[in-house]
1. Taking the beta-carbon count within 10 Å as an exposure proxy, list T7, T121 from fewest neighbours to most.
2. Just to compare against my own numbers: the Cα pair-distance distribution for the stretch 5-150, 5 Å bins, whole % per bin, please.
3. Taking R0 as 25 Å, what FRET efficiency do you get between T7 and Q105 from their Cβ-Cβ distance, rounded to the nearest 0.05?
4. Taking the chain as a Gaussian network, Cα atoms linked when under 10 Å apart, which of G114, G128, G53 shows the biggest mean-square fluctuation?
5. Determine which lysines satisfy two conditions relative to K19: a Cα distance under 19 Å, and not lying fewer than 8 residues away in the same chain.
6. Using a cut-off of 13 Å between beta-carbons, work out the net charge of the residues near A48 (Lys and Arg +1, Asp and Glu -1, A48 not included).
7. Positive end of the dipole of the chain, charges at C-beta (+1 Lys, Arg; -1 Asp, Glu), about the Cα centre: which of V73, T121, T141 has its Cα farthest in that direction?
8. Based only on other Cβ atoms within 10 Å, what is the fewest-to-most ordering of Y101, Y83?
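No value in this document is a laboratory result; all are computed from the given coordinates. As the structure is a computational prediction, the values presented were derived from the model and not from experiment. Cβ coordinates were reconstructed from backbone atoms using ideal geometry, including for glycine residues, and neighbour counts include every protein chain displayed.
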Amino acid sequence: MLQIGMTAPDFTLSDKDGKSVSLSDFRGRRVVLYFYPKDNTPGCTRQACAFAGRLAEFERRGIAVVGISKDSVASHQKFAQKYNLPFVLLSDPDRVAIEAYGVWQEKKMAGKVGMGVIRTTFIIDENGIIAAVMPKVKPDTNAEEVLALL
């Protein structure tokens with residue numbers, strides 16, 4: 001996994017509307033980049049809704065919020081519409097960013113071992129440097145913990 005002080009790997013992925021978005025598009029702004037396992041699951045929905053509920057606070061501080069999962073553009077579009085998620089959701093079905101950030105790891109679910117996205121949040125500064133790494137975050141408190149760090 002990436003460490004504080006490292007340059008955040010750039011990537012270009014499609015957002016919920018099919019538009020290409022690169023991390024470098026946010027240079028000059030801080031970015032909360034969070035990786036989550038799957039749209040429309042209980043934990044991921046709570047996490048996304050918590051970020052949406054605190055988005056005004058992030059925006060007042062000039063901070064962009066970006067969520068990434070393996071889900072398709074269509075899935076992100078439905079997820080964003082269903083829960084009124086006003087921030088950027090990026091589709092990474094080929095795990096380009098997911099693997100670059102080291103969040104594709106072995107995990108155990110229901111007694112089975114397999115590979116998956118470990119819920120992780122990165123705070124990236126205005127110059128594209130990783131300022132904080134928050135591995136295995138709790139979906140209900142992640143947005144609040146990020147605001148406390150900032």
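1. By the 10 Å Cβ count, ascending, the order reads T7, T121.
2. Over the stretch 5-150, the share of Cα pairs per 5 Å bin runs 2, 10, 21, 24, 23, 14, 4, 1, 0 percent.
3. So the FRET efficiency works out to roughly 0.70.
4. Looking only at G114, G128, G53, the largest GNM fluctuation is found for G114.
5. Reachable lysines: K70, K78.
6. +4
7. Among V73, T121, T141, the one farthest towards the positive end of the dipole of the chain is T141.
8. Y83, Y101
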